[in-house]
Amino acid sequence: MRDNRLEALARVVDCEHKTAPEAEEGQHYAFSVGTPALRGSGIDFALAKPVDQETYAAWSRRAELRAGDVILAREAPVGGVGFVDGQTRVCLGQRTVLIRADQNQLDPRFLYYSLQAPAQRTWMSARSEGSTVPHLNVGDIRDLPLAFLPPVEEQRRIAAVLGAFDDLIDTNQRLMTRFDQLGMVMFLQAWDGTAVTTVESLGAVTMGQSPPSSTYNEVGDGPVFFQGVRDFGDRYPSSRVFCSAPTRLADSGDILIAVRAPVGETNVAVTETAIGRGLAALRANQPAIALRALRALDSTWAPHQGTGTVFAAINGNDLRAAIVPLVADSELERDLQALDTQHRACAIESEHLRAARDELLPLLISGAVSPGEVDVGAA
């Protein structure tokens, strides 16, 4: 009988059991990928830590990560995964492990998607229970079984179907980044370099609150965003948290602002969204211009951040009084709105693609549906 445990199919390497020091300015050589950067699936490099070459070498002494490797979070929380594509130099952050597939038996991307399937998630959840902080030991991970392990060629076909969804999402993300960059250039060209105003003058600011804990995990009015606004679809504190009695709904088009670390991060609510702790919502008079004004503030949030706290934060009064560049130009607002409309269309399409991928993943990974039955173009 074939052994389908990871121990027989892959090499599992633990991380250094300490936090990598962040690189000083100008010394960035690689990223340390810890659990914050492994939210659900994929690597969020905005939440990875830049490290210098010396730290990278020290944190890679057990194994240097290479293209095709999979990173798995074994604590805080268990189960986040990331695929190393070889385009960005990375090392393991704290509470993670490297899983390197034996490609004669296991396709790396099939492994990556298998670790996101319900059977493996349930297994990891069951193994991590019973401690104050749920975690998996490295021995547990080596014992993790893959419920469905077809021949390698079939694994590659399955991974290719799921990868096609992720490729389309990545294409949309690149387009969204270009729209953002172009909009910022247009805004800065229109600003005279001196005129400023306050955030409060841009529109009404509402601070997020923590919904009652009794409402967590209930199906309710919509997603609750906590503390981060990195991309449409993130829900905190887990990947799917809903609140049946939100204290505030940000309407579609409202600007979401992180008021706890990372302070100043912004995005736009694509749908009606409940905002939780660590966030504020701005209903702006000229939303497209206001968004760029807030993003232009990136380098000057620090003076407004509270002191004496574990996490950097800004309170409602300081947020409203924060100084931002002032541009009042209705023609610019129209041009920026056109860019934002395209940006939003990409975000919505990506959410639909994610939903289709997430629905198909357990079916493909379990063998219930074959790759030939899936039409990615119809998703």
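If DNA, RNA and ligands are ignored and the probe is 1.4 Å, what is the ranking of Thr206, Thr35 by accessible area, most exposed first?
Descending accessible area places them as Thr206, Thr35.
Distance from the Cα centre of the stretch 342-379 to that of the stretch 105-159, in angstrom?
20 Å
At 7 Å along the Cα-to-beta-carbon direction for both Leu182 and Arg283, put a label point, then send me their distance in nm to one decimal.
3.1 nm
What is the packing order of peptides 256-269, 70-83, taking the mean over residues of other C-beta atoms within 10 Å and listing the highest first? Mind showing how you got there, number by number?
Numbers: 256-269: 21.3, 70-83: 22.9.
Sorting 256-269, 70-83 by mean packing, highest first, produces 70-83, 256-269.
Modelled label-to-label distance, Ser201 and Ala160, 7 Å Cα→beta-carbon offset: nm?
5.8 nm
Can you give me the accessible area per residue for the stretch 73-126, using a 1.4 Å probe, in Å²?
Using a 1.4 Å probe on heavy atoms only, each residue of the stretch 73-126 averages 36 Å².
Over the stretch 103-181, one equal point on each Cα, no solvent: what is log10 I(q)/I(0) by the Debye formula at q = 0.14, 0.15, 0.21 Å⁻¹?
-0.64, -0.70, -0.94
Determine ³J(HN,Hα), in whole Hz, for all residues of the stretch 267-273 in sequence, where each value follows from phi through the Karplus function 6.51 cos²θ - 1.76 cosθ + 1.60 and θ = phi - 60°; x replaces Gly and Pro.
7, 10, 5, 7, 10, 4, 9
How large is ³J(HN,Hα), in whole Hz, for each residue of the stretch 76-81 in order, when computed from phi with the Karplus curve 6.51 cos²θ - 1.76 cosθ + 1.60 and θ = phi - 60°, using x for Gly and Pro?
My calculation for the stretch 76-81 gives 6, x, 6, x, x, 10 Hz in order.
The values are calculated or read from the model by the stated rules, or taken from the named source; none is laboratory data. As the structure is a prediction and not an experimental result, all values here were calculated from the model. Methodologically, a virtual Cβ is constructed for each residue, glycine included, from the backbone with ideal geometry; neighbour enumeration extends over all protein chains shown. Side chains are part of the model used for accessible areas, which takes the heavy atoms of the whole protein and leaves out ligands, DNA and RNA. Shrake-Rupley method; radii C 1.70, N 1.55, O 1.52, S 1.80 Å.
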